[in-house]
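S.K.: Structure provided below as structure tokens; questions to follow.
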Amino acid sequence: TASQIWADLLERFGKESSPRAYELKQRITAARQDGASVSIYYTNLRSLWDENSSIQPLPRCSCDNCSCDVGKRMDEFQEKERLYQFLMGLDADFNVIKTQILATKPTPTLGTAYHLVAEDERQRSISNDKRAQPESAAFKAFQRRDSNSNVKKERNSSRAAKDSKEGRENE
């Protein structure tokens, strides 16, 4: 039956693996944006977190009708840890937005922080696109001016050569 298959899968693959958990922790700690888009960086980090959660789930309170809030506090702790890991791996270009996020009270959720950083990245790309156009137009104008002056120099030097040749022939 389906429940037997799931029980078998849980038995085989649902066990905690300390070496794999250690490897995932290392990869999470070493995760960096390194010039990738914020979306790609976040997605990679998210997949590491998800795999780590499947290998090493957070402890849950098992008492009936629990009112101790252990589970809620563990979720909040994990959320903050993930927020810090995400912010630590961002490129230095995002230092200002990181400071703003960390200064916000109460501390924003990971989803909110991701949204703020992604919006900052979009705004930068728009600003860079607008800035690139005038620079390239100025560069093209400079190239035209340069090429026009080179043509004039070539004409002047060929005239001078022609004049000096004519001057020698007349002598």
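The values are calculated or read from the model by the stated rules, or taken from the named source; none is laboratory data. Keep in mind it's a predicted model, so treat the numbers as computed, not measured. Here Cβ is always computed from backbone atoms with ideal geometry, including for glycine, and neighbour counts include all displayed protein chains. Heads up: the accessible areas ignore ligands, DNA and RNA and are worked out on the full protein's heavy atoms, side chains in. Shrake-Rupley method; radii C 1.70, N 1.55, O 1.52, S 1.80 Å.
S.K.: So, R0 is 35 Å and r is the distance between the beta-carbons of residue 119 and residue 6; what FRET efficiency does that work out to, to 0.05? The partial results should precede the final answer.
M.R.: Numbers: r = 41 Å, r/R0 = 1.17.
E between residue 119 and residue 6, to the nearest 0.05, is 0.30.
S.K.: Using a 1.4 Å probe, how large is the accessible area of residue 18, given in Å² and rounded to the nearest 10?
M.R.: Counting only protein heavy atoms, residue 18 exposes about 80 Å² to solvent.
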